[in-house]
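Heads up: the structure comes next, in structure tokens.
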Amino acid sequence: MLIKLLNMLKLKKPKFDLNLLINTLSIQTSSKDESQADEYIINRLKKLKLQYTQDFAGNIYVTKGKADLYSCIVSHKDTVHDIVEDKSVFQLGDLLFAFSEKEMKQIGIGGDDLCGVSICLNALQDLS
């Protein structure tokens, strides 16, 4: 559906960056601590040379380019998982999962909504 919409609007299809997704899923947040996400996002924005603002609640706003109308892509930075000392993200075929070696078990990867953060960053990185 999204690709069909992009084609209708004559917009370029974004390239999917798997490494960006894995790196984004490797950060850790909780409902009370989004500091790793803030640092990660701000560093990516600086690398892309994009201006941003952050409000009193911690929301990060980015506008890319000059236009009369802008698309809006939104995600949240917090996840429901506990922050652990040694979260590692692994790929097995088409699957990504997180594991804690210290706890010797699979842990939450933070897909809700670090996947959304990755999509936002991917769009900012790829679309003009």
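The values are calculated or read from the model by the stated rules, or taken from the named source; none is laboratory data. Computed from a predicted model, the values in this text were never measured in an experiment. Quick reminder, even Gly has a Cβ in these numbers, built from the backbone with ideal geometry, and neighbours come from all protein chains shown. Note: accessible area is taken over every heavy atom of the protein model, side chains too, but ligands, DNA and RNA are not part of it. Shrake-Rupley method; radii C 1.70, N 1.55, O 1.52, S 1.80 Å.
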Report, by residue number, each residue of the stretch 13-23 that is under 10 Å from the mean Cα position of the chain (by Cα) and either closer than 15 Å to Ala123 by Cβ or open to solvent by 50 Å² or more (accessible area, probe 1.4 Å) (or both). Leu20, Leu21, Asn23
Qualifying position, being of a type in the set (S, T, N, Q) and touching a strand residue (DSSP E or B) at 6+ places or on another chain (Cβ under 7 Å), among Ser118, Ser100: Ser100
Would you confirm whether any residue within the stretch 99-107 is among the β-branched types (Val, Ile, Thr), open to solvent by less than 50 Å² (accessible area, probe 1.4 Å), part of a loop (DSSP other than H, G, I, E, B) and farther than 18 Å from Ser35 by Cβ? no
Output the qualifying pairs, or none if there are none: Cβ atoms under 8 angstrom, residues six or more apart or on different chains, first residue in the stretch 55-77 and at positive phi, second residue part of a loop (DSSP other than H, G, I, E, B). Gly58/Glu34; Gly58/Lys77; Gly65/Ser128
Here the residues within the stretch 44-70 that are part of a loop (DSSP other than H, G, I, E, B) and among the basic types (Lys, Arg) are Lys49, Lys64, Lys66
Residue that is nearest to Gln54 (Cα to Cα), among those in the stretch 65-98 that are of a type in the set (Asp, Glu) and open to solvent by less than 60 Å² (accessible area, probe 1.4 Å): Asp78
Among the candidates Ser26, Ser31, Ser118, single out the residue that is in contact (Cβ under 8 Å) with a residue 24 or more places away in the chain and surrounded by fewer than 16 Cβ atoms within 10 Å (Cβ to Cβ). Ser31
From the list Ile41, Ile83, Ile119, Ile73, pick out the single residue that is part of a loop (DSSP other than H, G, I, E, B) and within 14 Å of the chain's Cα centre (by Cα). Ile73
Can we say Ala67 is under 17 Å from Leu127 (Cβ atoms) and hydrophobic (A, V, I, L, M, F, W, C)? yes
